[in-house]
């Protein structure tokens, strides 16, 4: 546990997985919260994870006072031969430019597409 966070896991190969996740999360404060979470998951995987291929993985984030989740991505069943954490990374990388669009802007401006929003410079209101 650290200031404002806790690192948890079940079925892990050992405590070194949690240590790797905590070190990663605490050590990369210069990126978005979602990127910090993703890097922590990847660090846990690199440290052994559950000792087998992960079939599912998800990431849900929220901002207090917002009307919807900031991010809600999930891999319910990873493609054969691909770890769900790697698949979650692929999805996050593609979705990341649109987090603020879908997290808050789109609710008030449904007529604006994500591509138009990016072309406008990603306004927040």
Result of the Cβ filter at 6 Å on segment 48-67, keeping first residues that are under 30 Å from residue 124 (Cα atoms) and partners that are in a loop (DSSP other than H, G, I, E, B), at least 6 apart or interchain, is 60/69; 61/70; 62/69; 62/70; 63/70
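With surrounded by fewer than 11 Cβ atoms within 10 Å (Cβ to Cβ) and either touching a residue at least 12 places away in the same chain (Cβ under 8 Å) or over 12 Å from the mean Cα position of the chain (by Cα) (or both) as the only criterion, which of 110, 97, 123 stands out?
110
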Taking segment 5-49 and keeping only residues that are crowded, with 18+ Cβ neighbours inside 10 Å, assigned to a loop (DSSP other than H, G, I, E, B) and within 17 Å of the chain's Cα centre (by Cα), one is left with 7, 49
From the option list 78, 86, single residue qualifying as surrounded by 13 or more Cβ atoms within 10 Å (Cβ to Cβ) and outside any loop (DSSP other than H, G, I, E, B) is 86
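So which residues in segment 63-75 are assigned to a loop (DSSP other than H, G, I, E, B) and more than 11 Å from the chain's Cα centre (by Cα), if there are any at all? Write out each step before concluding.
Initially, segment 63-75 is screened for residues assigned to a loop (DSSP other than H, G, I, E, B), giving 63-70.
The answer is 63, 64, 65, 66, 67, 68, 69.
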**Request:** Kindly check whether there is at least one residue in segment 11-18 that is more than 21 Å from residue 104 (Cα to Cα) and in contact with a strand residue (DSSP E or B) (Cβ under 7 Å, 6 or more places away or on another chain).
**Result:** no
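Rule-based calculations on the coordinates, nothing more; no lab input. Here the structure is a predicted model, which means the values were calculated and not measured. Here the Cβ is made from the backbone with ideal geometry for all residues, glycine too, and neighbour counts use every protein chain on show.
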